[in-house]
Amino acid sequence: MPMPDSPILRRALRGAVVAAGLCALVLPRVFEAGVGYPAVVRAAEARVDESLERNTVTFLSLSGIKAVMASIEGSAVGVGFHFEMGDLIQPAYDYVDFVWHAFLYALALLGLYKLGMETGILGLGFPLLGIGMLRWAAGGLDLAAAAALRRWGRRAIALGLVVIYVVPVALLVSHFAAQRYLVPLEARTAARIEETREPLADAAERMRRLREKISILEPAKSVDAVSREAKAIADQVSNAIWERLQAFLALVLILLVELLLLPFLSAFVIYRVLSLAARGPD
């Protein structure tokens, strides 16, 4: 950060920086309000809450689909013989289980973002910011270490700003990008996956009727019929999932972009800009 040419302006700037640094160290709440930190955090928290609500709805839908498939997957039919349904629908069940876990981790990550802002841990950047301001102002004195003080002061200021703003600002940027490009696609994809419920519910009902039917049939005469019906049910379940394979995959990719790629890319850009600013001329 170059110093102004006028000695009066230099002294005034150093005084203002010292006052701001002391305020950040001694009266952080006052300083937070002055730099708009609470408003930024509240805006970011609201966006995280919105994303949590939206993804929770999809997660509950996936949980319902997984529960129906689990009931079918754990079923066995037969009186005098044994027929395991899990062997037939295991690949489709494993795929749904993978998508379900991806959403579980996504909700945990959103909760972590929210926790970081609610606990105020990002406020630890204010002492760093205050120390950096004081060191930079001290670098304006006629000292042998003036250049080093200004250099390290700028770096501490940049690090403090990163700690304070990088998470909420990155979340805000990623939210606006997601709202523009990803959320409409996510809504269509979730609706496509929701269509899976009907054929799965029908398959579960067919499975229930099959078990009831076996109890009153002679096993020796019903083996072929039961085997054919069980395989037809398994095919119905598997087809319901594989026909929507792209929808499940798209949903996972949307999660990765919205909750990992966009926030971390935004955070990296902010970090690089502040790092370049911290390497300015002494």
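The values are calculated or read from the model by the stated rules, or taken from the named source; none is laboratory data. Please read all numbers here as calculations on a predicted model, not as lab measurements. Every residue, glycine as well, gets a Cβ built from its backbone with ideal geometry; the counts of neighbours run over all protein chains shown. SASA here: full protein model, heavy atoms, side chains in, ligands and nucleic acids out. Shrake-Rupley method; radii C 1.70, N 1.55, O 1.52, S 1.80 Å.
Pairs, please: C-beta under 7 Å, at least 6 apart or cross-chain, first residue without any contact (Cβ under 8 Å) to a residue 24 or more places away in the chain and in the stretch 118-139, second open to solvent by 50 Å² or more (accessible area, probe 1.4 Å) and assigned to a helix (DSSP H, G or I)?
Matching pairs, first to second residue: Arg135/Trp152.
Go through the residues of the stretch 233-246 one by one and say whether even a single one is open to solvent by less than 20 Å² (accessible area, probe 1.4 Å) and over 28 Å from Ala187 (Cα atoms).
yes
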